1. Which order results if 298, 358 are arranged by neighbouring Cβ count within 10 Å, fewest first?
2. Relative to the longest principal Cα axis of the chain, at what angle does helix 149-166 sit, 0 to 90 degrees, rounded to 10?
3. Tell me the mean residue ellipticity at 222 nm calculated for the chain from its helices only (DSSP H runs of n ≥ 4, each -39500 (n - 2.57), averaged over every residue, nearest 500).
4. For an R0 of 51 angstrom, estimate the FRET efficiency from the Cβ-Cβ distance between residue 626 and residue 362 and round to the nearest 0.05.
5. Return, ordered by residue number, the residues of region 371-391 whose backbone nitrogen is under 14 Å from a label point located 7 Å along Cα→Cβ of residue 317.
6. Tell me, what is the FRET efficiency for residue 616 and residue 110 to the nearest 0.05, using R0 = 51 angstrom and their Cβ-Cβ distance as r?
7. May I ask you to order 368-375, 347-354 by the average number of other C-beta atoms within 10 Å around their residues, highest value first?
8. Taking only the alpha-carbon positions of region 263-463 and ignoring solvent, what does the Debye formula give for the base-10 log of I(q)/I(0) at q = 0.07, 0.09 Å⁻¹?
């Protein structure tokens, strides 16, 4: 832009014309250069006689070729067998008429390739020299699957295990319940799957899905990589040419409507220390339209643009309520959805909802600033241009142009259309698509601490983790103090449940190794304990010790991020309690005060809650009322967002030398849940005191 103005001025001077200096109005942003027309490479396309549409994008940067097969069918309502579509798509890869699952895996691994199936397609990739073999295996999976009861039973078991774990995942609960509310249980996007619906799935259900929807006439095959159209066509015809077309259903569904007024959907989790908040409702927003482009910019300004978005700046940067607050506006052929969400501390749940509502109302009733819109467009354009580096993007452009009957130059002019969006259009888009007065405010959290303060936003309807309406919990505190039970009795029952004092006394030292994974990175944890109060804990990632805590029984040293800190007195005692294998036996020695608060639900079961106080700090321990075993530990930790309670779940108790130890630990880390599994636990190995020296 500046270069263009300089050339214009130089040209005028060369013609003997004067260019008069003018006072700049710095209150106005300089005019932008017009958005470029993107040069989108056009794939070579052809259609087989059976209707399979093929798009070839040649890219010779790497000697590999990918095949992405997409089936373009409308969502399926699965009814009382919800989950069969997902299971059927996995079952397709478990064997063919001539290959077992192991043989398929071996064939793909031998050529260094990959092969994956999903409800809407199949993806395969290999080095160029192995392309014929990869296509032969891929086509065998697509055309000749063999469904067996043994593999179906395995997938059903895995699916039910995943569903069970979701019941204790607040984010999964919020997603599940909000989908039911937004779309309705009779809509494909809202119908819930469960252990019961999965149990009903049969081999015939899976075969019927395959036979109905795996058809070439609704298929789009993208061939991307080091391959010419002349090479690709004969291979595609060879391996997919005999595939038979078929009639595919085109069901009609009623369009979900937003609620008549904003309603609070509260899912009570008495053990929760933070709330998952979703504010959501359905929207009518078709993909790849001028309206969807405007909606994308509107959402980026509100909460889709990361750290620069309004919700993030308000709830995290300004108020410190959360690690992050976001929003999304999804377009869809059937029905789209608006959602704003965050994970917040119990104490600020209502305040966070209030700030959400303030921002949602503000974007509906006022234009964005010119600078705000310009910055959003620039980021949007940068992300769009970055995707063009992936040749698969070009193939997807071509496929979506065909699927949605778009103008041939739709993606070439995409940035031009983005740049043309005005402040007025953003405001109009928000007013049409974001409606805080007709939304569901879904909250998964501790009702005893958040319910009363949420009533100002609307009527409260209670749901269980399966999305079924339930009665409101009793008013007031949801915990009850059991008559005739004391903290000492609960602790004594726990000690007996894990083996008793005599058995514990025979445990001189404990070494436990656990593993977990965070965002794809494996984490190793090694805990060592000698006696009741000496311990060391080391956390290792990618071969490096990232955190270490050591205690000699009196002092505690904490190391991490290149720093170290020694703590003593009450703070050291509390750290010892939080890390001791048999902390309950240390309470009298360390002067800890125990209080039986009452009973609360932990993982759906009643548990005694005991507060343990040392000086000014308190931790909470939860013991199953039936088994007596400890099932959860809660401690308050300082985070960048203020104090936050960290829950550690204890389960999968196994006996070692007469004493039961928990072998599975789960811990919430802000919005994430970390599951730690024990790899080994040994006792009485003669650990040296040198392991526990604090200097």
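What follows is calculated from the coordinates using simple rules that are stated; it is not laboratory data. Because the structure is predicted, anything quoted here is derived from the model rather than measured. Heads up, the Cβs are rebuilt from the backbone with ideal geometry, glycines too, and the neighbour counts pull from every protein chain shown.
1. Details: 298 28, 358 13.
Listing 298, 358 from fewest to most nearby Cβ atoms yields 358, 298.
2. Orientation of helix 149-166: about 70 degrees from the principal axis.
3. Mean residue ellipticity, 222 nm, calculated: -9500 deg cm²/dmol.
4. 0.50
5. Zone members listed by number: 372-373, 375-376.
6. Values: r = 63 Å, r/R0 = 1.23.
Efficiency, from the Cβ-Cβ distance: 0.20.
7. On the way: 368-375: 15.2, 347-354: 20.1.
Per-residue Cβ counts within 10 Å, averaged per peptide and sorted highest first, yield 347-354, 368-375.
8. -0.24, -0.38
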